[in-house]
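What follows is a short report on a single structure.
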Amino acid sequence: MVVTLLGKYKIKAKILLLKYTVIVTAAFLVSFLLQILCIAFPFAGVYLFVSGDLLEALTNRYNNTIILTVFVTAVSLSVFFGFALFSALKMGESLFLKNYSSTHTPTFTDIFKFLHPTKAFSCFAFHCRLTALKTGWLLYYTTPVGLCFLMVQYLKSFSALPDLSFKILETGLILFFWFAFFMWRFTLLRYSAAGFLFIEEKTSPKIAIQKSTLITDSFLLNEAALNISFFPWFMSCIFILPLFYVIPYYRLTKALFTAEISEDMIAEKVM
């Protein structure tokens, strides 16, 4: 039953992609390249500044403390603005998918709708909060694994246990790590609707994330099954070329799934 239900979203996504393959692929490719540029530009500037003659010329003319202060300030601001633009483009992707999944007509300019300074900083705040939550959950799940790893290393150094015992412990540790990883990924599914809610309701990042957890908690198993069903597709991306089809296909399927469960939850509250 779950497989049939999830197949509905995948079939619908395939049909939508067949109609506008070139536009959707171009939108994702342009967005991806711009995101890479936003992240790489500040670091490229640092590299050129440090490796070029400008640094030496400034050092001969000005105090090292002044140069260091200006340098750190410039790097901090460029990284901040770079990540703000990156967040705006990521949110533009979500808007593109949201509108495409509802109107069934892609609008290429949706990708650039959040590049206004105020909107970009709002997107940056949203992604900072979301990243902090993801990092917190990662630490929550991996800390026990790290402690077990340290314990195994301690036993190796100060214990006379046979080699077979250590092989069993190491195998168990590897299984424990993968269990923690999958639990982390499963937990992150609670935030999958946050971006769409942030766009739709124009609310604060905190409220959008809270509402996402309320909406998705009842559908976590379905969403996990949807992600697992894409595993063979992701494996095909080892050859790189399928990425240009698989990523839009996966993101659009998730957008259709998220839009429907969000609408169902809102309808239930209205009733």
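The values are calculated or read from the model by the stated rules, or taken from the named source; none is laboratory data. Since the structure is predicted, the reported quantities are computational estimates derived from the model, not experimental observations. Virtual Cβ from ideal backbone geometry, glycine too; neighbours counted across all protein chains shown. Ligands, DNA and RNA are excluded from the accessible area calculation, which covers all protein heavy atoms including side chains. Shrake-Rupley method; radii C 1.70, N 1.55, O 1.52, S 1.80 Å.
Structural remarks
- Nearest-0.05 FRET efficiency for F41 and T65, computed from C-beta distance (R0 41 Å): 0.95
- Under the simplified labelling scheme, the C128-L77 pair shows an inter-label distance of 1.7 nm, with each label point 7 Å from Cα along Cα→Cβ.
- Environment charge at E170 (Cβ cut-off 15 Å; Lys +1, Arg +1, Asp -1, Glu -1): +1
- Proximal charge balance of L189 [Cβ under 12 Å; K/R count +1, D/E count -1]: +2
- In the context of the full set of protein chains, the chain has a per residue accessible area of 61 Å² (1.4 Å probe).
- Apportionment of accessible area to carbon and sulfur, the chain, percent (1.4 Å): 74
- Dipole of region 64-208 computed with +1 at Lys/Arg Cβ and -1 at Asp/Glu Cβ about the Cα centre; of A160, S94, F149, farthest Cα towards the positive end is S94.
- Working from label points 7 Å from Cα in the Cα-to-Cβ sense, the A225 to K113 distance is 3.2 nm.
- Signed unit charges on C-beta, dipole axis of the chain, positive-most listed residue L175, V24, V72: V24
- Taking Cα centre as origin and charging only the Cβ of basic (Lys, Arg, +1) and acidic (Asp, Glu, -1) residues, the dipole magnitude of the chain rounds to 340 debye.
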